[in-house]
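Before any comments, here is the structure.
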Amino acid sequence: MSQLFSPLTLRELTFSNRVFVSPMCQYSCADGMPTDWHLVHLGSRAIGGAALVMTEAASVTPEGRISPEDAGIWNDAQMNAWKPIVAFIKAHGAVPSIQLAHAGRKASTFAPWRGQGKVDEGKGGWPVVGPSDTAFSPTYPQPREMSKAEIKAMVDAFVAAAKRSLEAGFVVPEIHGAHGYLIHEFLSPLSNLRTDEYGGSLENRMRFPLEVCAAVREFWPKHLPVFLRISASDWKEGGWDVEQSIEFCKRAKTVGIDLVDVSSGGNAVDAKMTIRPGYQVPFARAIRAGANVPTGAVGLITEPVQAEQIVADGDADCVFLARALLRDPYWPRHAAQALGAPLEWPDQYKRAGVGAFGK
Ligand SMILES: Cc1cc2nc3c(=O)[nH]c(=O)nc-3n(C[C@H](O)[C@H](O)[C@H](O)COP(=O)(O)O)c2cc1C
């Protein structure tokens, strides 16, 4: 019996298996509007058999976009544009999920294939904010420190985005607290140099992130789960680490977060990362055990047996796949075949899915 292809229930929602689509920016929007690209891209992964299909980082304000081509969920036009995409994902048996994000000091940068570092104001870029006025790197925008009123307004922006997400039909929101973006910037002592109640001690650094989690959770229907993505480590001395992550996840669980999607890095240019297959899985395991919260593992998970082992060994409750699912939208169906698990192909594709000889 495959554990990877066994159901997972969080609150009153049951996922048909434990292969989830990891959020992936497509840099294909104008004014934050999702397009037919998103319909086909996300729709294909639903047909591909993933139990949950998550959007790319969808910004909660225009200034929170990583690049000018990022997706958004800060206005009704975007909400309406997500609706057919969400409906398609649902119609093909997957749970539609949206990653709610604000890029903080790493906003207003080039899409990877358009350039590097900051997009200048007046050339499509905009002024950026962060917990403090330190830039990510010399080639990134110079942030302005957020006032307390702006912090409060940012919590409200996450809630407004959650409201639009629910109205668009999304079933699971994921709060993006990883990769050196705004929420992670507040958590990490490398990027949060504030001296008020939002900086300094761990308690203070967790304040804004927990306010966002609590406010989104309070709004989201009680029978549905809310996810949180974190970077478990800055991979740098004196930065955010797994011990602080465990404390944070304990608190996030208390305010109603149901699953932590455990990534790492993104907040220090000189981070010393060891990248190898499954390199972040030990973080997911440590947080699952230390904070007693369900986790998802992500990062260089590419092989069916590897993914099966992660779930079977109790390292995590599910796996999020990104690049493997770019290469092969049908990865879950191929993995199910490899592991001998039943995962029926859609009727339209059955003639291709019965085996190597096409019987
Ligand atoms: C094209 C691309 C875009 C990405 N965009 C996002 C994003 O919007 N939000 C996020 O949290 N992570 C993003 N990531 C990171 C992935 O979700 C994932 O954590 C990372 O790629 C490691 O998983 P993998 O080895 O399966 O690719 C992106 C990765 C790729 C390759």
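Coordinate-derived values only; no laboratory data. All values derive from a computational prediction rather than experimental measurement. Heads up, the Cβs are rebuilt from the backbone with ideal geometry, glycines too, and the neighbour counts pull from every protein chain shown.
Among the small types (G, A, S), more than 19 Å from S263 (Cβ to Cβ) and under 16 Å from the mean Cα position of the chain (by Cα): does that describe G48?
Details: among the small types (G, A, S): yes; more than 19 Å from S263 (Cβ to Cβ): yes; under 16 Å from the mean Cα position of the chain (by Cα): no.
For G48, the condition - among the small types (G, A, S), more than 19 Å from S263 (Cβ to Cβ) and under 16 Å from the mean Cα position of the chain (by Cα) - is not met.
Filter region 1-48 for residues that are aromatic (F, W, Y) and in a loop (DSSP other than H, G, I, E, B); which is farthest from G64 (Cα to Cα)? Spell out the reasoning first.
In the first step, residues of region 1-48 are kept if they are aromatic (F, W, Y); the result is 5, 15, 20, 27, 37.
Narrowing further to those that are in a loop (DSSP other than H, G, I, E, B): 5, 27.
On the way: F5: 36, Y27: 14 Å.
It comes out as F5.
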Inset, instruction - Sort out which residues of region 241-290 are crowded, with 21+ Cβ neighbours inside 10 Å, over 16 Å from L187 (Cβ atoms) and of a type in the set (D, E, K, R), and write them in order of number. - result: R288
Legend entry - Considering residues of region 301-326 that are part of a loop (DSSP other than H, G, I, E, B) and surrounded by fewer than 18 Cβ atoms within 10 Å (Cβ to Cβ) only, the residue farthest from the ligand (Cβ to nearest atom): G314
Legend entry - Filtered residue count, region 18-39, keeping only those that are surrounded by 21 or more Cβ atoms within 10 Å (Cβ to Cβ) and either polar (S, T, N, Q) or away from the ligand (no atom under 16 Å from the Cβ) (or both): 1
Inset, instruction - Kindly establish whether A307 is within 21 Å of T14 (Cα to Cα) and over 20 Å from the mean Cα position of the chain (by Cα). - result: no
Inset, instruction - Considering only region 161-208, state which residues are more than 14 Å from the chain's Cα centre (by Cα), part of a helix (DSSP H, G or I) and not hydrophobic (A, V, I, L, M, F, W, C). - result: K163, R164, S165, E167, E185, E203, N204, R205, R207
Inset, instruction - Please list, ordered by first then second residue, the pairs with beta carbon atoms under 6 Å, 6 or more apart or interchain, first in region 314-329 and free of Cβ contacts under 8 Å to residues at least 40 places away in the same chain, second of a type in the set (A, V, I, L, M) and assigned to a helix (DSSP H, G or I). - result: D315/V281; D315/A284
Inset, instruction - Kindly list, by first and then second residue, each pair from a residue in region 129-147 that is farther than 17 Å from G117 by Cα and in contact (Cβ under 8 Å) with a residue 12 or more places away in the chain to a residue that is surrounded by fewer than 17 Cβ atoms within 10 Å (Cβ to Cβ) and of a type in the set (A, V, I, L, M), limited to pairs with Cβ atoms under 7 Å and residues at least 6 apart or on different chains. - result: S132/L193
Legend entry - Cβ-Cβ under 7 Å pairs, at least 6 apart or on other chains, region 176-196 side closer than 14 Å to D234 by Cβ, far side of a type in the set (G, A, S) and in a helix (DSSP H, G or I): Y181/G104; E185/G104
